[in-house]
Every structure is written in structure tokens, then in C-alpha cells.
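Chemist: First the structure, then my questions, so here it is.
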Amino acid sequence: MYDVTIIGSGPAGMAAAIYAKRAMLDTLVVDKTSISGGQILNTYEVDNYPGLPEMTGMDLAQKFKDHAVKLGAEFARNTIKSIEDKGDYKILHGKKGDIETKTVILAMGASNRRLGVAGEDELVGMGVSYCATCDGAFYKDKDVVVVGGGDVALEDAIYLARGCNKVYLIHRRNEFRGAKVLEDQARNTSNIEMVLESVVDKINGGEAGVESVDVSNVSTGEKTTLKVQGAFIAVGTIPQTDKIEGLPEMDERGYIIAGEDGVTSIPGIFVAGDCRTKQLRQVVTAASDGANAVISAEKCL
């Protein structure tokens, strides 16, 4: 039986593993994939993690895992389907077998939210993408759209503009939600065109991939069609809490309710990272969550 089992191996899970091993706890990290890192694997450049500017997401993820492995954290690939609360211990029921553990730290993170428009599902992998850094190289000298108004959308537009001929940045509002420094950079990039107060109605294409995107202005109702070969969707995330039964109390959006200490409604179960209710979801806050959750788990033990 483990002292602590961490579900998820993104920044929150890795930070939790590091702090747990430093606390001399018997620690297991479980993830459905063998590649650790979570969403930062899809980030070309992480420029706001203290002390490590201009670090690629892949490199930062590898540093996190190397640190946890060096300290002796154990890793297992398994998909957890449910958590059974036995009071002073829990049983994690997984596709590859069950795990008994005294405490659990939930660090499953979040996934990309879809637009839900016609043509999106049919053209995923054929021009529709949720990862500019993964697929941007395929669109060198081509025209693309980026949909969204937060940090990720702005970062994606700036990144794609380095190789694409034209980048249309579509946002339903007149003001962006992302960092001002990113907005200024995007506005000052000559081949990025802002398409504000607008929404995507449909993504058009066929066997050859995306051909165009139908857009409507939410203020005027005017409809336009942008001839593009790629559509990059960056409209936020949804917590990965819908696949596991027996989770603690969640809010109406599916985020697990907990404060900074990571304490949930079920004793012995803690939460860290993007699946927790909180104001800011960034690498630095995920790492902080992981550390706090371990301290709470220690007190429980």
C-alpha cells in the first residue's frame, strides 16, 4: 500500500511527486499515458516560469519528471476508472488493476474545449488542430485562423505568424482576456489580422483538409468567409473529471472544489492543478498546488 498515489503527471502531479519523495513518502504516480507533462507538452515556449525563461514545454516537462525520478518516485501507466473510499485508505480501480493507497492527490488537469461547430469534428487532424506547436510546421506559408481570446490563443497566433503567410485571430469580444504583453505583440505582428466581435459558424473542407471558415460578426450580423488551410482552436479547457467515479464535490463546471491547501470534501483525497477551483491556471500555480496537496496529505497521514 502506498502512502500517496498521484493521478496525473503534469506540473501539479510532478511537483507533488517531488515534495512527497522529499517527505519520505512511498509515492506512486499514475497516468493514462507514459509521456509526462500534461498541457505544457503542447506549449512551444514557457516564458513565465520563474528562473527558466524561454524554456520549451517539452523540455520543462522532462526536467520535472527527471527530478521526480531522481528522488525515487514510482510511475505506472494505468487509467483510473473509480475511487473506492475505505476510510483510512482508498482503492483506485484501474483498467490495468487496482491500487491501494492511504491518500490520493488528484492532478488530472484539463483538456481542450471544442467550438462545437459544423465541420470541426470531421476535420480534426485534417486542418483543425488544438495544438499550434504540434501542427504549426505543416502550415508554412499558408493562411490559418486562430480562435480564442486568452493567453493560449495569442501565443498560438504569434507562434504561427513566424511561418504562416497570414494568421486571422478570431475572438468573440472586442477585448482580449490574455496578458497585455502578448496582445501588444500580436497586434504589432504584421501578418496577424484581428477579427474581433466575431464567431466561427462553420469550418469548411473535404478530403484535402480545411478550405475555409465561415465567420459572423456578433454586433452587425455580417457574415464573411475566410479562405484558410488551417484552423487552430484555443477557447479554453475543461477539467478531466468526467471519467472517474467517486470523486469529491465539484462545481457546476466540473472543477473539484478545494482551497489552496487542496483539501476536498472526502478525507484523504486532495486535488492539485488545473482540475481544482481557482483563479489562475498556469504552470507556476499547478506546481504550487502539488506542493500544498502533499503537505495536506502529510497531515492526514
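Each reported figure results from applying straightforward, stated rules to the coordinates on display, with no laboratory input. Keep in mind the model is a prediction, meaning the values are calculated, not measured. A quick note on method: Cβ atoms are made from the backbone with ideal geometry, for glycine too, and the neighbour counts reach across all protein chains shown.
Chemist: About the Cα centre, and with charges only on the beta carbon of Lys, Arg (+1) and Asp, Glu (-1), how big is the dipole of the range 114-233? Nearest 20 debye, please. Please report the intermediate quantities before stating the final value.
Modeler: Working: 13 positive and 19 negative charges, 48 e Å.
Once rounded to the nearest 20, the dipole reads 240 debye.
Chemist: Below 8 Å between Cα atoms, with a sequence gap of 6+, how large is the relative contact order for the range 114-233 in percent? Walk me through the intermediate numbers first.
Modeler: Values: 266 pairs, mean separation 37.7, N = 120.
Relative CO of the range 114-233 lands at 31 percent.
Chemist: Shifting gears a bit: Using only Cα atoms, figure out Rg for the range 167-283 and give it as a multiple of 2.2 N^0.38 Å. Mind dumping the intermediate values first?
Modeler: Numbers: Rg = 19.4 Å, N = 117, 2.2 N^0.38 = 13.4 Å.
Normalised Rg, Cα atoms only: 1.44.
Chemist: For the chain, what does -39500 (n - 2.57) per DSSP helix run (n ≥ 4), summed and divided by total residues, give at 222 nm, in deg cm²/dmol to the nearest 500?
Modeler: Working: 6 runs with 67 residues, N = 301.
For the chain, the value works out to -7000 deg cm²/dmol.
Chemist: Percentage of Cα-Cα pair distances in the range 114-233 greater than 17 Å, rounded to whole percent?
Modeler: Working: 3565 of 7140 pairs.
Tail of the P(r) past 17 Å holds 50 percent of the pairs.
Chemist: Check cross-link reach from Lys81 to the aspartates and glutamates: straight Cα distance under 12 Å, and skip same-chain residues fewer than eight apart.
Modeler: Within reach: Asp31, Asp98, Asp242, Glu245.
Chemist: Tell me, how many Å apart are the Cα centres for the range 95-112 and for the range 166-185?
Modeler: So the separation of the two Cα centres works out to 36 Å.
Chemist: Under the 0.36 nm per residue contour assumption, what length would be gained going from the current alpha-carbon distance of Val124 and Glu207 to full extension?
Modeler: Gain on extension, Val124 to Glu207, equals 28.7 nm.
Chemist: On a C-alpha basis, how far is the centre of the range 1-75 from the centre of the range 222-288 in Å? Whole number, if you could?
Modeler: 18
Chemist: Which helices count as membrane-span-like in the chain under these terms: full DSSP H, at least 18 Å along the axis by C-alpha, Kyte-Doolittle mean of -1.0 or more? Intermediate values should be presented prior to the final figure.
Modeler: Working: long enough: 57-70 (20 Å, -0.68); 283-300 (26 Å, 0.64).
Both cut-offs are met by 57-70, 283-300.
Chemist: Enumerate the calculated ³J(HN,Hα) couplings along the range 74-91 in order (Karplus 6.51 cos²θ - 1.76 cosθ + 1.60, θ = phi - 60°), each rounded to whole Hz, writing x wherever the residue is Gly or Pro.
Modeler: Couplings: 9, 10, 9, 8, 6, 9, 7, 9, 7, 10, 9, 8, 9, x, 8, 8, 10, 10 Hz.
Chemist: Among DSSP beta bridges lying fully in the range 114-233, give the percent that are antiparallel, nearest 5. If you can, show how the numbers build up before the last one.
Modeler: Numbers: 13 of 31 bridges.
Just about 40 percent of them are antiparallel.
Chemist: Here's another thing I want to ask about it. Taking the Cα of Asn191, stepping 7 Å toward and past its beta carbon, and measuring to each backbone N in the range 229-271: which are under 19 Å?
Modeler: Those under the cut-off are 229-233.
Chemist: Sort 104-116, 205-217 by packing, meaning the average of other beta carbons within 10 Å per residue, with the highest value first. Intermediate values should be presented prior to the final figure.
Modeler: Values: 104-116: 22.3, 205-217: 16.5.
Going by the mean number of other Cβ atoms within 10 Å, highest first, we get 104-116, 205-217.
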